[in-house]
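See structure below.
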Amino acid sequence: MRKILVVIDMQNDFIDGSLGTKEAVQIINPVIQKIKEYDVKDIYATRDTHETDYLTTQEGKNLPVEHCIKGTKGWEIREEIADLLEGAVIIDKPTFGSTKLAEMLYKENEKEELQIELVGLCTDICVVSNALLLKAVMPETEISVDASCCAGVTVESHKAALETMKMCQIIV
């Protein structure tokens, strides 16, 4: 069984930028240690990616804080993490969940059975969205989330997202 790590949106804007939190800063080292447990060929990472018209989008109207604008420092994956992801598959996604990620891993799972682990930001938005997408397309695949390598918008919403994932048979 091939073990895959999915690193969700470990970008500057979510760590200590426009949408950063102290909890996000605290998971940097645990995420680095987790990445080191995997071969780079078994790592997929996502980047939340918005254009300069972000504030006119549906998301921008509901969350009117510019973040992860393509090409900006805030859009970049945290440097010490990006260095470890050299050679990994990096997927830019325009919204919370990545259908491209789900399709890619579905195809890999058809070739050989996968076990998928997710880490990253934010637990209550992009991590939960991607975990549920993956579970929807691969209901028999073991999907897990390492809670110690995730942070939410708030501590409460982080915990609520973990409970939601547990209810949907994602191992937390």
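Computed values, structure above
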{"quantity": "Selection status of Pro94, farther than 25 Å from Ile35 by Cβ and surrounded by fewer than 17 Cβ atoms within 10 Å (Cβ to Cβ)", "calculated": "no"}
{"quantity": "Hits in region 35-79 (condition: exposed (fewer than 13 other Cβ atoms within 10 Å of the Cβ) and either among the aromatic types (Phe, Trp, Tyr) or assigned to a helix (DSSP H, G or I) (or both))", "calculated": "Lys36, Lys41, Thr56, Gln58, Lys61, Asn62, Lys73, Glu79"}
{"quantity": "Some residue of region 99-106 being modelled with pLDDT of 95 or more and part of a loop (DSSP other than H, G, I, E, B)", "calculated": "no"}
{"quantity": "Restricting region 130-153 to residues that are in a loop (DSSP other than H, G, I, E, B) and surrounded by 14 or more Cβ atoms within 10 Å (Cβ to Cβ), the residue that is nearest to the chain's Cα centre (by Cα)", "calculated": "Gly152"}
{"quantity": "Some residue of region 82-90 being more than 17 Å from the chain's Cα centre (by Cα), on the phi > 0 side of the Ramachandran plot and of a type in the set (Gly, Ala, Ser)", "calculated": "yes"}
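The values are calculated or read from the model by the stated rules, or taken from the named source; none is laboratory data. The structure presented is a predicted model; accordingly, all values stated were derived computationally and were not measured. In this analysis, Cβ positions are derived from the backbone assuming ideal geometry, glycine residues included, and neighbour counts consider all displayed protein chains.
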